[in-house]
Every structure is written in structure tokens, then in C-alpha cells.
Amino acid sequence: MPHFLWPQFLWLLLLLPLLVLVYVWLLRRKKKTVLRYASLSIVREAMGKGQSFRRHIPPLLFLMSLAAMLVASSRPFAVVSLPSQNETIILAMDVSGSMRATDVLPNRLVASQNAAKAFLAELPRSVRVGIVAFAGTASVVQQPTLSREDLVTAIDKFQLQRATAIGNAIVVSLAELFPDAGIDLESLQYGRERQRGVSLDQLAKDGKGGDKPFTPVAPGSYTSGAIILLTDGQRTTGVDSMEAAKMAADRGVRIYTVGVGTVDGETIGFEGWSMRVKLDEETLKGIAKSTQAEYFYAGTATDLQKVYETLSSRLTVEKKETEISGLVALLAAALALLSAGLSLAWFNRIL
């Protein structure tokens, strides 16, 4: 539902019925003048039914043009779909040992790699993408770039490792989005300088909990970047996931989370050891919700592909409240030109 910055101008729309009355009065006055010099039957024969109806179309279009002008002068706002301003997207992808599970064919890792590469192919070439791989720790395997070839090469080089540090992946991704924010990755990831009661944001002020001010912004308000977090398991080490999500929310960054694999869990084995892997949907939903983003579940390779297709459309087109007075003014101009054009074509005059 549109709203108006200057709604007081809408009162001028009440003048339009007055213009209609003036138009009707002019028609009757003209009719009386014509009847002084010709009989009614001759006038009707000359005008014809089609001609009589067409004579009202240009004035009607002009009236609609005036109405559109008045609406435009009220500066209307509406929620419309516009090209997204996301300039940088960080793909944070799980490379923990559980990604070798085959419940998503051919396995979770290969399925996620294929889906990520398809996602890159759908993104506009103007969007920079960086890749963070995480297991027991998180690291940048490709800094944000426009080169899709470099990104595909980085994805193909994933190596499986043990443990899952989801919070670390979020922190490293934030450091890539805000390289000048003073986020000390070493202290944040390994907690060497973490003290009881010291938050991640306090450490992130200058890397050591200094006095550099940081002012939180509204969650989801950062429009120049986003994080896509893909994982198949629960956090087993590193920074607390929800604390890292709050750090992103305070910076306005949306984290779209993608859960891959079996919700109920699965036991996998490798080189003589086995482990039970289970998808922590509750945490992933919490991360997405706290950052004003969305959670997606991908139980199969096809589901995962569809998730990335959905994310591509969400990140390249977004709904925003925008002033549309320019569009309404353009409509007014088009109606006025059409009115004048029809009047000239049909009656060799403008209105």
C-alpha cells in the first residue's frame, strides 16, 4: 500500500470533479450554439455515434493525466522490486569430514561444490564473491573477486578436515566484508585474549578490546554485502555460533543459512574411525532470523541446487520501499501526449 511524503497535495484531487462539471457545461453550451444554425437531425447525422463517443476520449485522458500529476506531486512511496545493491557475497562452506557422507549424492561435498558453481554462473558479473572454507578453523580460500574462474578453482580445491567451527566462519566472513574494521581473527577464533564478560564486538573494536567506538546498526540494513553459510553439522569448536551471528546482525549483515544432509543424523566412518553427524537446524534458523535473513534445508542434491537458484534471485532482486513519483509523473506525461495526439488525429486540434 503506497504512502505519501506530501499527502496534503492529494486534496487537490477534489478539483477534478469540478473540471468534469465545467467540461459538461461547455458541451451543453456548445450544443445550444450549434442548434441555432442547424436542426438536431442534421447534427446527429454529421456527428455519428462513433464520432460522438470519440470526442470525449482526449479530454478523459487529459483528466487522468492531471490526476497522475497531482499524485506525483504528493511524492508517493511503495514497495517495489529493484536490482539489489549487494556488491560482495561471501560463500562460507563447510569442509568438515562429515561432508563425505553420501546421503546427498554423490556426496555432500561434491553436491555443495556443484551447486555453488551453478550459483556463481547465475550471479551478475558485477557482484564480487569471496569464499571461506571452514572445519576446525576457518580460512579465506578466495578473496572477493569478479573472476568466476578463480572462484571455481578455489571451490575445486576443497580438502576435508575434522571438526566444525561455524562461528569462526562467520567471523572470518565479516572480516572480509569489513577489512578495515580491526577484527583480530587470531584472538576471536582461538580466544587467547577472551575474558569473561568480554564480547566479540568489544574485541573487534581494535582487535584487543580497545576504546575505538562501534555503533550497532539495524539487523539486515547493510545492503552492500551478504553471507551464505552452508553446513551439514553442529558446531564442535571455536566461537559460539549465535554470538558470531549477533556480531553480524550488529553490522547489518544478513546471513543466509543452508543446511545440507540428514536432519535426524547419520553415522559415517573413515580410516578406522566413525562419528555421528546431525544437522543443527535450530541454530541455523536462529542465525538467519537474528540477521533478518532466511534458512534453507537441502536434503538432496536437487534441493541444494534449487536453494542456490532461490538465493541467486533473492540477492540480485530485492523489495525496497522507494519513491515512485518519477514513474507516476512519466505516466502523466504519457497520458497528456496520448490525449493531444488523438485529438490532433481525430479532430485536427488539441482538445
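The values are calculated or read from the model by the stated rules, or taken from the named source; none is laboratory data. Everything numeric here is computed off the predicted structure, so don't read it as measured data. Please note: Cβ atoms are built from the backbone with ideal geometry, for glycine as well, and neighbour counts cover all protein chains shown.
Regarding VAL95, is this residue in contact with a strand residue (DSSP E or B) (Cβ under 6 Å, 6 or more places away or on another chain) and either surrounded by fewer than 20 Cβ atoms within 10 Å (Cβ to Cβ) or touching a residue at least 40 places away in the same chain (Cβ under 8 Å) (or both)?
On the way: in contact with a strand residue (DSSP E or B) (Cβ under 6 Å, 6 or more places away or on another chain): yes; either surrounded by fewer than 20 Cβ atoms within 10 Å (Cβ to Cβ) or touching a residue at least 40 places away in the same chain (Cβ under 8 Å) (or both): yes.
So VAL95 fits the description; yes.
Checking ALA293 against (1) at pLDDT 85 or above; (2) among the hydrophobic types (A, V, I, L, M, F, W, C); (3) under 30 Å from THR231 (Cα atoms); (4) surrounded by fewer than 16 Cβ atoms within 10 Å (Cβ to Cβ): exactly one of these is not met. Which one?
Answer for ALA293: the failing condition is (4).
Return a yes/no flag: does segment 91-112 have any residue that is farther than 23 Å from GLY341 by Cα, under 20 Å from the mean Cα position of the chain (by Cα) and at pLDDT 90 or above. If you could, list the steps in order and put the result at the bottom.
Looking only at segment 91-112, we keep the residues that are farther than 23 Å from GLY341 by Cα, and these are 91-112.
Restricting the remaining residues to those that are under 20 Å from the mean Cα position of the chain (by Cα) gives 91-92.
In the following step, the residues that additionally are at pLDDT 90 or above were identified as 91-92.
Yes, segment 91-112 contains a residue that is farther than 23 Å from GLY341 by Cα, under 20 Å from the mean Cα position of the chain (by Cα) and at pLDDT 90 or above.
Does any residue of segment 138-161 turn out to be modelled with pLDDT under 95, out of contact with any helix residue (DSSP H, G or I) (no Cβ under 8 Å at 6 or more places or on another chain) and assigned to a strand (DSSP E or B)?
So far as segment 138-161 goes, no, none of its residues is modelled with pLDDT under 95, out of contact with any helix residue (DSSP H, G or I) (no Cβ under 8 Å at 6 or more places or on another chain) and assigned to a strand (DSSP E or B).
Could you give me the residue pairs with C-beta distances under 8 Å whose first residue belongs to segment 302-319 and is outside the structural domain of LYS117 (by TED's automatic domain parsing) and among the aliphatic types (A, V, I, L, M), whose second residue is modelled with pLDDT under 85 and surrounded by fewer than 16 Cβ atoms within 10 Å (Cβ to Cβ) wherever it lies, and which are 6+ apart or on separate chains?
Pairs found: VAL317/SER81; VAL317/LEU82; VAL317/PRO83.
Can you find even one residue in segment 99-112 that is acidic (Asp, Glu), part of a loop (DSSP other than H, G, I, E, B), surrounded by 16 or more Cβ atoms within 10 Å (Cβ to Cβ) and not assigned by TED's automatic domain parsing to the domain that holds LEU12?
Of segment 99-112, the ones acidic (Asp, Glu) are 103.
So of that shortlist, the ones also part of a loop (DSSP other than H, G, I, E, B) come out as 103.
Add one more test, that the residue is surrounded by 16 or more Cβ atoms within 10 Å (Cβ to Cβ), and what stays is 103.
If we keep only those that are not assigned by TED's automatic domain parsing to the domain that holds LEU12 as well, we get 103.
The answer is yes, given that some residue of segment 99-112 is acidic (Asp, Glu), part of a loop (DSSP other than H, G, I, E, B), surrounded by 16 or more Cβ atoms within 10 Å (Cβ to Cβ) and not assigned by TED's automatic domain parsing to the domain that holds LEU12.
Say whether the condition of being touching a helix residue (DSSP H, G or I) at 6+ places or on another chain (Cβ under 9 Å) and modelled with pLDDT of 65 or more is met by at least one residue in segment 34-45.
no
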